[in-house]
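Chemist: Dumping the structure here so I can ask a few things about it.
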Amino acid sequence: MTRRLVLAVASPHVDILGHCTGRKLRSTVSQVASDPEVVRPESQFDPEIVFAACARFDTAVEINCRPERQDPPDDLLDLALDWECKIAIDTDAHAPGQLEWQPYGCDRAAQAGVPLERIVNTWPREQLLEWTASHAA
C-alpha cells in the first residue's frame, strides 16, 4: 500500500489522506477509550514514507472520529505529527446524527498534542481555500 498511498498524497487533487490504515474495529461510542476488537486489520504500508510524502506534498492526515475507525492509531498519529503533517478532523458521518462523533476526534487531537494551527478545519475560510488552491494541478 505504500506506493498507492504516496501516489495519492502526491496528487494535486488530494488535500487530505483519509482512512490511512483502513482498519475497522468492533466498537461502540462507549468503547472509544478501551481496547476494541479488530474486525479488519490495518493495511500494511511504510508510515515513515507515507507521512514524509504528506509533509512534502502538504497533504493533511485525517483523524477519523468514527468509533469503529479511530484512525490513525495513536502511534501513527504521533508519527504524522513528528513529520509535521497537517491534520483534518473528520466525523466520517453517513447520517446527520453521526456528526455528534466530532468531539471524539477533537479529544484524540488534544491528547496527541496537535497544535491548533495544524488542524486545517479550524482555519478561517480564506486560509483553508488558499491552502487547497495551492495544490491545484
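The values are calculated or read from the model by the stated rules, or taken from the named source; none is laboratory data. Small disclaimer: the values here were computed from a predicted structure and weren't measured. Reconstructed Cβ throughout: ideal geometry from the backbone, glycine too, with neighbour counts over all protein chains shown.
Chemist: Restricting region 38-74 to residues that are surrounded by 16 or more Cβ atoms within 10 Å (Cβ to Cβ) and of a type in the set (D, E, K, R), which is modelled with the highest pLDDT?
Modeler: Taking the candidates together, the pick is Glu62.
Chemist: Still on this structure, I have one more. Could you please find all residues in region 120-136 being assigned to a helix (DSSP H, G or I), touching a residue at least 40 places away in the same chain (Cβ under 8 Å) and surrounded by fewer than 16 Cβ atoms within 10 Å (Cβ to Cβ)?
Modeler: As a first pass, look at region 120-136 and keep what is assigned to a helix (DSSP H, G or I): 120-122, 125-133.
Next, from what is left, pick out any that are touching a residue at least 40 places away in the same chain (Cβ under 8 Å): 120, 131-132.
Hits for region 120-136 are Trp131, Thr132.
Chemist: Please pick out the residue among Arg26, Arg4 that is out of contact with any strand residue (DSSP E or B) (no Cβ under 7 Å at 6 or more places or on another chain) and surrounded by fewer than 13 Cβ atoms within 10 Å (Cβ to Cβ).
Modeler: Every option except Arg4 fails the conditions.
Chemist: To continue, here is another question. So Ala33 passes all but one of these: (1) among the hydrophobic types (A, V, I, L, M, F, W, C); (2) modelled with pLDDT under 95; (3) surrounded by 13 or more Cβ atoms within 10 Å (Cβ to Cβ). Which condition number does it fail?
Modeler: It is condition (3) that Ala33 fails.
Chemist: Look at Pro115 and say whether it is over 21 Å from Val9 (Cβ atoms) and of a type outside the set (A, V, I, L, M).
Modeler: Considered against the rule, which asks whether it is over 21 Å from Val9 (Cβ atoms) and of a type outside the set (A, V, I, L, M), Pro115 comes out as no.
Chemist: Looking at Leu77, Leu81, Leu99, can you tell me which residue is without any contact (Cβ under 8 Å) to a residue 40 or more places away in the chain and buried (at least 22 other Cβ atoms within 10 Å of the Cβ)?
Modeler: Exactly one residue qualifies, and that residue is Leu77.
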